[in-house]
Amino acid sequence: MASKTSSILLFSLLHVFLNLRFSVAQTAVKGSYWYSGTEFPVSNINSCLFTHLFCAFAGLDPTTYGVTISHSDSTQFSTFTRTVQQKNPSVKTLLSIGGGGANTTVFAAMASQQSRRKSFIDSRSRQRVPDLRSSNYYTLNLPVQKISNSLDWINVMSYDFYGPGWSPNFTAPPAALYNATVSQVNAAAGIRDWIRAGFPANKIVLGLPFYGYAWRLVNANNNGLFAPATGAAVSTNGDLGYNQIRSFISSNTAPTVFNATVVTDYCYSGTTWIGYDDVSSVTAKVGYAKGKGLLGYFAWNVGADYNWTLSQTAFRTWGA
């Protein structure tokens with residue numbers, strides 16, 4: 001997947017929000033997802049650092065096409081807005097439907113017929129915001145003008161370009177902003193493709209990963225970008241939250257490197273190599289988004305931050 005050229009659309013998942021509350025003229029989006037699977041309490045969210053918070057994930061009934069919420073999530077979901085607005089009354093909340101394990105065929109079936117779409121819309125308050133996902137990774141083969149006319153904005157998942165699960169044989173930047181080689185996938189090329197296709201820059205929100213991936217190096221002394229590797233390290237899939245990465249760095253006195261060419265951070269210790277976004281990368285990416293006239297940024301996910309380091313960095317970099 002990550003071997004495709006930079007002209008290829010970089011995003012494995014497209015988040016589209018049909019928010020009926022918002023006006024066409026948007027203020028900046030400084031957002032983050034909260035994911036119930038992290039067991040990070042909603043009450044612990046520092047909502048003052050965000051303009052928008054996405055509650056993830058609800059499901060979709062394959063028979064009725066109505067929105068479903070699991071019993072284990074029902075309490076936190078039902079009180080999500082009230083809880084986060086205690087610290088920040090102006091923060092907007094959105095319900096995200098789907099997730100990485102969602103059955104995309106159900107979404108396609110729902111969207112294909114007007115009666116099913118009505119069932120979907122009527123199943124929850126129209127004030128809630130569905131998260132529709134596209135499985136189109138390789139090309140921008142989407143009705144861009146119709147999307148632009150219908151939606152307030154799109155969230156672009158500008159990360160997961162590389163990972164030990166799909167590029168196990170070499171280390172790489174999981175969420176590079178720019179490319180080091182012609183064939184390297186990167187966020188800037190994807191944003192460029194959206195804009196060239198006619199999508200307004202001020203309706204695009206750039207994704208930031210509050211996590212990274214760990215590879216097992218073939219040679220501990222060859223520990224830079226694109227070094228030979230043998231798959232995942234530390235965890236089964238190699239994925240680690242930023243808070244876990246900070247712990248790894250501290251526990252192993254691991255050297256850290258910021259590569260300004262592609263805009264990525266990495267650290268290493270022994271044969272373990274981790275690619276991620278730290279303060280320097282987040283600063284550069286948020287600066288890029290604002291400089292390009294994008295609507296804002298969002299992060300996945302708030303529970304993986306470390307003492308609000310990345311959230312504060314993004315918020316302050318964007319400014320008022």
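Only residues that are of a type in the set (V, I, T) and under 18 Å from the mean Cα position of the chain (by Cα): list them for the range 168-212, please. If the condition is that a residue be of a type in the set (V, I, T) and under 18 Å from the mean Cα position of the chain (by Cα), then V185, I191, I204, V205 are the ones that fit. In the range 76-95, the residue that is farthest from W34 (Cα to Cα) out of those that are of a type in the set (S, T, Y) and either in contact (Cβ under 8 Å) with a residue 12 or more places away in the chain or part of a loop (DSSP other than H, G, I, E, B) (or both) is S90. Counting the residues of the range 162-185 that are touching a residue at least 24 places away in the same chain (Cβ under 8 Å), closer than 19 Å to P228 by Cβ and of a type in the set (V, I, T) gives 1.
Here is a yes/no grid of residues against (1) buried (at least 18 other Cβ atoms within 10 Å of the Cβ); (2) over 23 Å from K292 (Cβ atoms); (3) in contact with a Phe, Trp or Tyr (Cβ under 6 Å, 6 or more places away or on another chain):
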| position | (1), (2), (3) |
| --- | --- |
| F161 | yes, no, no |
| W166 | no, yes, no |
| T171 | yes, yes, yes |
| T181 | no, no, no |
| G198 | no, no, no |
| N223 | yes, yes, yes |
| T230 | no, yes, no |
| Q244 | yes, yes, no |
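Matching residues to (1) in contact with a helix residue (DSSP H, G or I) (Cβ under 6 Å, 6 or more places away or on another chain); (2) among the small types (G, A, S); (3) at pLDDT 90 or above; (4) surrounded by 13 or more Cβ atoms within 10 Å (Cβ to Cβ):
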| residue | (1), (2), (3), (4) |
| --- | --- |
| A28 | no, yes, yes, yes |
| F54 | no, no, yes, yes |
| F77 | no, no, yes, yes |
| R82 | no, no, yes, no |
| N88 | yes, no, yes, yes |
| A102 | no, yes, no, yes |
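Residues that are more than 16 Å from F40 (Cβ to Cβ) and of a type in the set (F, W, Y) within the range 240-255 comprise just one, F248.
Can you confirm whether the range 54-67 contains a residue that is of a type in the set (V, I, T), outside any loop (DSSP other than H, G, I, E, B), in contact (Cβ under 8 Å) with a residue 12 or more places away in the chain and under 24 Å from M110 (Cα atoms)? So far as the range 54-67 goes, yes, one or more of its residues are of a type in the set (V, I, T), outside any loop (DSSP other than H, G, I, E, B), in contact (Cβ under 8 Å) with a residue 12 or more places away in the chain and under 24 Å from M110 (Cα atoms).
Going residue by residue through the range 256-278, is there one that turns out to be within 21 Å of S47 (Cα to Cα) and part of a helix (DSSP H, G or I)? Within the range 256-278, none of the residues are within 21 Å of S47 (Cα to Cα) and part of a helix (DSSP H, G or I).
The values are calculated or read from the model by the stated rules, or taken from the named source; none is laboratory data. Here the structure is a predicted model, which means the values were calculated and not measured. Cβ: placed from backbone, ideal geometry, glycine included. Neighbour counts: every protein chain shown.
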